[in-house]
Amino acid sequence: MRFLFIWWISLPIYLFSQSIELLCKKFDSLNTLIRDQKIDTAIAKNIFRNLITSIKEQTKHLPYASEWIFPIQGYSPKYIGGRNGEGYIPQDYDYFTGNNHKAHPAHDIFIYDLNQDCLDDVKKQYVNVLSITEGVVVACAKEWDTTSTLRGGIYVWIYSPSEEALFYYAHLNTIQVDIGTVVHSGKVLGTVGRTGLNAYKKRSPTHLHLSMLSVKDNLPVPQNPYAKLCRAKCVP
Ligand SMILES: [Zn+2]
């Protein structure tokens with residue numbers, strides 16, 4: 001089954017141009033194989049390079065805004081964990097090690113949720129996760145259950161052509177987009193949640209885990225978005 005999957009995501013790339021939806025479905029399949037450590041790294045890198053090249057080509061004309069949108073509605077950069085963004089630790093991170101990855105090439109952004117019900121304690125409402133930039137949903141997980149050992153829980157990966165980067169939004173409660181959905185900056189992706197092996201635990205305050213991976217030489221490399229997040233436009 002796994003090999004059929006690998007055949008499906010790799011073979012036809014060279015043969016004809018494919019729709020963006022199909023490319024994104026293939027990217028999602030690849031991302032899942034990498035996440036679950038079910039694909040050889042060299043093969044995965046090869047397929048990644050080919051897919052991302054095609055996705056880049058197909059999305060290069062997407063309109064984009066000059067300003068970033070802060071990814072949690074009603075919140076601001078002061079809710080980013082760690083003093084001055086010190087929660088960002090990219091050393092030894094490798095996307096291709098999947099769920100087993102080391103380090104934390106990410107910022108955790110916390111919401112007011114003392115009773116851990118995913119509702120904002122003041123507004124008594126779920127809190128929207130917004131797309132920072134324009135882009136296309138290249139991978140997502142819509143479900144997660146408490147017996148799963150997956151760390152990301154319910155997540156969305158977006159490829160942004162203007163940034164030439166992948167953005168990863170994890171631990172969501174629900175998501176409102178699908179693989180292949182084209183989004184503008186500020187688009188509601190879902191709501192902040194507590195899904196994922198560690199995010200679900202009592203000791204973890206409710207937060208969004210946000211990563212940015214620049215695509216350099218067609219491979220993903222962690223990029224610290226802290227400075228740009230601090231200048232992002234906040235949506236009330
Ligand atoms: Zn995190």
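The values are calculated or read from the model by the stated rules, or taken from the named source; none is laboratory data. Computed from a predicted structure; not experimentally measured. Here Cβ is always computed from backbone atoms with ideal geometry, including for glycine, and neighbour counts include all displayed protein chains. Only protein heavy atoms, including side chains, enter the accessible area calculation; ligands, DNA and RNA are left aside. Shrake-Rupley method; radii C 1.70, N 1.55, O 1.52, S 1.80 Å.
Observations on the model:
- Two-site FRET efficiency, CYS234 against TRP7, from Cβ-Cβ distance with R₀ of 41 Å, rounded to 0.05: 0.35
- Accessible-area value, ASP40, 1.4 Å probe, nucleic acids and ligands omitted, Å²: 80
- Modelled FRET efficiency - R0 41 Å, LEU219 with VAL122, Cβ distances, 0.05 increments: 0.45
- Kirkwood Rh in Å, taken over region 126-165 so that all alpha-carbon pairs contribute: 11.8
- Spin-label model distance (nm) - PHE96 vs LEU114, 7 Å beyond Cα toward Cβ: 4.8
- Here the alpha carbons of the chain define both size measures, Rg and Dmax, at 17.0, 54 Å.
- Largest GNM mean-square fluctuation among SER204, SER185, SER54, using the chain with Cα springs under 10 Å: SER204.
- Extension gain (nm, one decimal) between ARG83 and THR41, 0.36 nm per residue minus Cα-Cα: 11.6 nm
- Exceedance of the 18 Å cut-off in Cα-Cα distance is limited, within the set LYS123/LYS202; LYS124/LYS187; LYS25/LYS142; LYS78/LYS228; LYS25/LYS216; LYS123/LYS187, to LYS123/LYS202; LYS124/LYS187; LYS25/LYS216; LYS123/LYS187.
- Legend: P(r) of region 30-153 from all alpha carbon pair distances, 10 Å bins from 0, whole percents, reading 10, 28, 39, 20, 3.
- Average accessible area per residue (Å²) across region 75-138 - probe 1.4 Å, nucleic acids and ligands excluded: 50
- Accessible area of the chain belonging to carbon and sulfur atoms, whole % at 1.4 Å probe: 53
- Treating r as the C-beta distance of GLU21 and LYS202 and R0 as 41 Å, the FRET efficiency rounds to 0.55.
- Relative contact order (%) - criterion: Cα under 8 Å, at least six apart; region: the chain: 23
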